[in-house]
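Scroll down for the structure; my scribbles are underneath it.
Just so you know, all these numbers are worked out from the coordinates, no wet-lab data involved. Quick caveat: nothing in here was measured; it's all calculated off a predicted structure. Here Cβ is always computed from backbone atoms with ideal geometry, including for glycine, and neighbour counts include all displayed protein chains.
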Amino acid sequence: MSVVQRKSKENEWYLSGIFAGLWITGKHLVKNLLNKKQMPTLNYPEEKYEYSPRFKGNHVLTVKKDGSLRCTACMLCATNCPAECITIVASEHEDPTVEKFPIHYQIDILRCVFCGFCEEACPVDAVRMGPEWQTPGINGAQFNYDINHLAYRPQLKGGIQTVLDDEERHKSGI
Amino acid sequence: MPKCTINGQEVVVKDGATIIEAIHHNNQKIAHYCWHPGLSVAGVCRLCMVEIEGNPRLQIACNTVVSEGMKINNTSEKVKDAAKWGLDFHLINHPLDCPICDQAGECGLQDQYMEFGKYDPEMAERKVKKKKVVDLGPTVVLDTERCILCSRCVRFTDEVSKTNELGIFNRGDRSEIGTFDGKELDNKYSLNTVDICPVGALTSKDFRFRQRVWYLKDAQSICTGCSTGCNVKVYFNKEGLFRVKPVFNEKVNGYWMCDEGRDIYKFVNKNARLLKGKKKKPTGFEEFFPGALAKDISSLVTADPGKVAFVVTGQFTNEEYDQVFSLWTKKWGSKNIFHWLNSPEKQNEFDGLLLRGDRNPNTQGLLKRLKDFGISTQWKDLITKINTHEIDTVVVAGPENPIWFPDFKEKLASLAKAKSLIWMQSSNHPEFENVPAGTYLIPLKSFVEKEGTFTNYSGLDQKFSKVTTIVSEALTLTEACTLLAGENLMIRPDPNVLIAAHPTADRVTLEHRKKNEFVFRRGAL
Ligand code: SF4
Ligand code: SF4
Ligand code: SF4
Ligand code: SF4
Ligand code: FES
């Protein structure tokens, strides 16, 4: 990186610049004190900003009608993920129509860049990015989200149902 | 020797060669499923269509013999159209299984679809549903829906393994592969059917769902499972090795390999390996850096080389034998080198196809070198010499693959009677827990981590190169013996642990990418 230093009259006489800055700050201070409503900042966390419902926040693994995971452990999301933060271990399912399912699915949420590529790669609508974004944690918090968290965390109230159902697909002859 | 023209290129072929063979020898591409160079011709998939000048209709390349002056073309629009429709017919009843299909990434249907696909299917019929996850036997799982009925697997069991377990049952779009009542696909070569199945209908139980194939790199090596020395490809990534597949070599294994040979990767992976140099103390093992340990205990060997015996197995490379034997015989004038032959009564067994009773990759190389260095020792002499304290240090270059050494426990016990025992080996063994105090264990490199030459049963020398590094601290036999001799050795730990020594080129050609990048439509499954 290089820094360009321009020598000119203005930056030689910086004191006038400082006062100009202070003037702007002071102006806003007085304005905000007189009219609190139009203040652009929020008193977080008491006040929260309403993002669009399409906001791409923390991941959700969707579930089938019977509540089992929709994910087929195809690993396309893990392949597509530019941050390489998804780890999946696949296994054989006892039901031959399901055949393959993940026994371990983990997203390292601190490494995730929330690009949404995983959601786009998934062929069966199994991973979605939900609107939830406030997930702070204090010392020792778990930021490697596992299946229990991704699919069945209490906020999801038993799981988000997928739009793609194999039984219906088979019934329609596909 | 007829002469023909393939896509404008003049080619001379062998008498009686088919068009597809001519195209293959000329390194040109042709779409095909049912033809396999190691099997008879079936001509059932109808994908290998070619245009022959003077013939108004397209012909299949796999069942048409080249005649003098034939002008063959397989790049014309007409041919591409035929392949496109052929493929669409194959896919009428094919399930949408790629996400859960183990073949995805190396699937014939996927590959050809990228090349000839219609991308806009016109089939409105309901798909015929068939059986999924059929347990065919101890090694193979069948999915009848994914099968394209190329009959390669059936022909393999008929012609190569000669066990005739598989057949095609029912008719029309209800036909499916299966085994005869009560029979299982259970032979020593069954996993070859998985290799030759162009789609994901046959999958290997061992490899099933363990990795997606695009996470794996491959490199060529030699199977250490027996003295045939089949040429193989090992597939690995940074977690270790995952599978082994045969590579064509006319002189050795043809297109096949046995099922047991496919397990050799299990002894190479980290969980089966000796990772550190170890010294057994009465309270347990103390761990050392292998090179440092070998150098440290060199006085045991160099103090009186005449009282040291060297026990060697047929699992090392010719280069290692040469260097180690010359160290022993030339430098120390010692001929105390003993050949540990596992199951000598089985040495000359042969199952008629590939598998041999001699479960060492390099017994011939070892015997030749023992002879060249004038060593003719007997195992029983070693035992007597240990008992009479004529030998008090034994250095063992043990097996990479202890499972094929049924006498391992017994040999370990008898050699442990010596005053000090230095055991060098790549794999770990539960019996090591019971060795007496004062035993040293030094980890060696396995065959994928070094380069060298193996001499197979027929005296054929086969060179192989390094694939990857798994235990970076392990030594080769030469390095270990040099250090034991008290000499200095510069060993640089390999920084590229589990990274391909010879990376393979990206197999997706740019043209394919260009073509498919924007054609692919989401949700059009
Ligand atoms: S949002 Fe992007 S970075 Fe995060 S898990 Fe998905 S693909 Fe990976
Ligand atoms: S979430 Fe979707 S893309 Fe990822 S493994 Fe599961 S099914 Fe495949
Ligand atoms: S056989 Fe090929 S096309 Fe069929 S499901 Fe498997 S990978 Fe996909
Ligand atoms: S199982 Fe595979 S090899 Fe056998 S007929 Fe079907 S597609 Fe061909
Ligand atoms: S390869 Fe020729 S018909 Fe199948």
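For chain A, modelled as a Gaussian network with Cα springs under 10 Å, which listed residue fluctuates most, A:Lys100, A:Lys64, A:Lys48? The residue with the greatest mean-square fluctuation here is A:Lys48. Distance from the Cα centre of the stretch A:62-116 to that of the stretch B:401-435, in angstrom? One Cα centre to the other: 43 Å.
Each Cα pair under 8 Å and six or more residues apart adds its separation to the average, and for chain B the resulting relative contact order is 12 percent. Any chance you could check the Cα centroid distance between the stretch B:150-206 and the stretch B:331-351 for me, in angstrom? Between the Cα centres of the stretch B:150-206 and the stretch B:331-351 lies a distance of 40 Å. Computed from the C-beta positions of B:Lys162 and B:Glu250, the FRET efficiency with R₀ = 25 Å rounds to 0.80.
Computed about its Cα centre, the charge dipole of chain B is approximately 700 debye, with only Lys, Arg, Asp and Glu carrying charge at their Cβ. Each other residue within a Cβ distance under 13 Å of A:Leu150 adds +1 if Lys or Arg and -1 if Asp or Glu, for a net charge of -1. Placing dummy labels 7 Å off each Cα toward the beta-carbon, the span from A:Ser52 to B:Glu433 is 6.2 nm. Candidates B:Val12, B:Trp332, B:Ser458 compared by Cα position along the dipole of chain B: farthest toward the positive end lies B:Trp332, with charges placed on Cβ. Cysteine residues of chain B whose C-beta has no other cysteine C-beta under 4.7 angstrom: B:Cys4, B:Cys48, B:Cys62, B:Cys98, B:Cys101, B:Cys107, B:Cys147, B:Cys153, B:Cys197, B:Cys226, B:Cys258, B:Cys481.
Taking every DSSP beta bridge with both residues inside chain B, roughly what % is antiparallel (nearest 5)? Percentage antiparallel, nearest 5: 65.
Taking only alpha carbon atoms, the protein assembly as shown gives an Rg to Rh ratio of 1.07, where Rh is the Kirkwood radius.
Taking the dipole about the Cα centre of the stretch B:271-484, with the C-beta of Lys and Arg at +1 and of Asp and Glu at -1, give me whichever of B:Pro443, B:Ile470, B:Leu293 is farthest to the positive side. After comparing all options, I get B:Leu293.
Each peptide in B:49-57, B:62-70 receives the mean, over its residues, of other Cβ atoms within 10 Å, and ordering these scores from highest gives B:62-70, B:49-57. Is the shape of the stretch B:103-229 best called rounded, prolate or oblate, per the rule: a/c under 1.5 gives rounded, else a/b larger than b/c gives prolate, else oblate, with a ≥ b ≥ c the square roots of the Cα gyration tensor eigenvalues? It comes out oblate by the Cα gyration axes.
A simple charge model with +1 on the Cβ of Lys and Arg, -1 on the Cβ of Asp and Glu and nothing else charged puts the dipole of the stretch B:122-267 at about 440 debye relative to its Cα centre. The H on the amide N of B:Thr476, modeled in the peptide plane, is under 5 Å from the matching H of B:Lys445, each at least 5 residues off or on a different chain. Here is how the number arises for the protein assembly as shown: DSSP H runs of 4 or more residues each give -39500 (n - 2.57), the sum is divided by the residue count, and the result at 222 nm is -6000 deg cm²/dmol. Each Lys and Arg Cβ is given +1 and each Asp and Glu Cβ -1; about its Cα centre, the stretch A:1-160 then shows a dipole of about 1060 debye. Positive end of the dipole of the stretch B:122-267 (Cβ unit charges, origin at the Cα centre): among B:Val133, B:Cys258, B:Leu216, the Cα lying farthest that way belongs to B:Leu216. In this structure, B:Ala292 and B:His389 have a Cβ-Cβ separation that, at R0 = 35 Å, corresponds to a calculated FRET efficiency of about 0.75. When its C-alpha radius of gyration is set against 2.2 N^0.38 Å (N residues), the stretch B:1-137 gives a value of 1.19. Which of A:Phe117, A:Phe101, A:Phe19 ends up with the largest GNM mean-square fluctuation for chain A, with Cα atoms connected below 10 Å? Looking only at A:Phe117, A:Phe101, A:Phe19, the biggest GNM fluctuation is shown by A:Phe19.
The mean sequence distance of close C-alpha pairs (under 8 Å, at least 6 residues apart), as a share of the length of the stretch A:27-116, puts its relative contact order at 21 percent. Computed from the C-beta positions of B:Ser67 and B:Asn27 and an R0 of 25 Å, the FRET efficiency is 0.70 to the nearest 0.05.
Taking all Cα pairs closer than 8 Å and separated by 6 or more residues, the relative contact order of the stretch A:59-171 comes to 35 percent. Model label points for B:Thr5 and B:Ser458, set 7 angstrom from Cα along the Cα-to-Cβ axis, are 4.0 nm apart.
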